[in-house]
Amino acid sequence: MTTERRDVLHSWCVQADWDAPTIVGGEGAYFIDSAGRRYLDMSSLAECMNLGHQHPRIVRAIRDQAEKLCFVTAAWGAESRAALARRLLELSGFAGGRVFFSLGGADANEHAVKFARQARGLPQGRVVARDRSYHGASYATMALSGDTRTQTQVDAASFGVVRVPPPYAYRCPFGTEHAADCAEAAVQAVAAAIDGEANEAVVAVLMEPNAGTNGIVAPANFWPRLREETRTRSVYLIADEVMSGFGRCGEWFAWQRYGEAGRPDLMTLAKGLTGAHMPLGAVVLSAEVAGRLEHEMLYTGLTYCGHPLACAAGIAALAAYEEGGLIERSKRLGAALYERLLELKTRHAVIGDVRGGDGLFAVIELVRDRATRAVHAPWPMTSLPLRTLVARALEAGVSLAVRGNLILLAPPLVIAERDLTDAVDLLDRLLAESDWS
Ligand code: PLP
């Protein structure tokens, strides 16, 4: 037994079952364990290593920053913090806005809600979020998340969260047949939730604009329509771009697919912000929201807000996306991956639905029976055949992510085209060889 297996409390698992190899290095889309085995990373670990493993430019930036200045609190200025904020405002087009730095995605979402509430002058204003979403595992973000794994740990209403059904077109909670109708119904549900609260108590809607970690990909009309309805009601729209940002959905930020018609009032970032080379999250505030906070005391902070080392990693990451043309590359390879998966669907009855394709993010939803859409295991459980498939892929040197009956494909944006093709070929073979009965 390794000391890690004995001593560390690991997340999202049964402690007694945890038995993973020790990872000692990586390069590009591969990571390497202590026995020298290489794994092709088809999920960017937690959909976060968008730039691959051990990106030399980021490693160098962290080293250079460490030699100059490791840390200073937000009470003092830091060059890398200022430069990263500037670049994020430029890339997102939030002219005149501000950036608040956090340590990851959950605290970015918590702070986005705080800022929206403060800007509206309602410190406990309501926030609309949706089922089958994931916004983090801190208490407030468990309340915001519609995640069956954590829902029972918290009373969402006491956190001021109003939950609505998701635009999950394949199993539309509104019973619609077409994806666009499902999205419209989901938007109407948000509108009704806002209108149903007394005294304009809803300050914000917090949602993932495109792909969600829980495997829903919103139909294309969802976000722009949500923007319209929230704007009409003067309710802030917060885009959780923690996973969908930084090329994952084929744009710097997923809402940019809709241009100005999709611009949120606030957006939250993490993961791809440093390509997971350093823990860092951010809330980007529009000029309007930032303006409302400008002359008010901001009663919040985290000791490591805007940590100079993490911000240096962020600057290097943004440069790496740009220089490698990786946002465009993700769009191109994502479209090709989606086409390949649709082709797989024509040959594998076990594939019920394929979603994504805007960038290097795709979801394959497996079903026992295509006609009834019956599943192999109730959500969020994973069936034995799917767990076996994942184990066999790992034996073949390919690391796949699954959630329930879903296979999530989200490789680093730097993955070699040959590797991507080989991984899908392997998946094709394993789907055929598995016993789905
Ligand atoms: N929001 C989304 C969409 C996510 O996918 C995640 C993490 O998976 C989070 C928020 C939480 O981020 P973190 O784990 O950095 O707290």
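Separation of segment 139-155 from segment 188-252 is 18 Å, based on Cα centroids. For the pair segment 279-306 and segment 340-400, the centres of their Cα atoms are 40 angstrom apart. Think of it this way: in the chain, CYS13, CYS48, CYS70, CYS249, CYS305, CYS311 stand alone, with no other Cys Cβ under 4.7 Å.
Taking the average, over residues, of other Cβ atoms within 10 Å as the packing measure, peptides 286-292, 76-82, 104-110 rank 104-110, 286-292, 76-82 from highest down.
Can you tell me the dipole magnitude for segment 96-207 around its Cα centre, using point charges on the Cβ only (Lys, Arg +1; Asp, Glu -1), in Debye to the nearest 20?
320 debye
For segment 276-358, the Cβ-based charge dipole about the Cα centre amounts to some 460 debye (Lys, Arg positive; Asp, Glu negative; other atoms uncharged). For the residues THR73, THR300, THR388, a GNM of the chain with alpha-carbon springs under 10 Å puts the largest fluctuation on THR300.
Segment ALA201..GLU343, full-extension length gain: 46.4 nm, with 0.36 nm per residue of separation and the alpha-carbon distance subtracted.
Each of LEU408, LEU386 was scored by other Cβ atoms within 10 Å of its Cβ. Listed from fewest to most, they are LEU408, LEU386.
If you look at the Cα atoms of the chain, you get an Rg and a Dmax of 21.3, 64 Å. Computed over the chain with a Gaussian network model linking Cα atoms closer than 10 Å, the most mobile of ARG171, ARG227, ARG132 is ARG171.
Computed from the coordinates by the stated procedures, all read-outs in this text should not be read as laboratory data. Just so we're clear, the structure is a prediction, and the values are computed from it rather than from any experiment. Every residue, glycine as well, gets a Cβ built from its backbone with ideal geometry; the counts of neighbours run over all protein chains shown.
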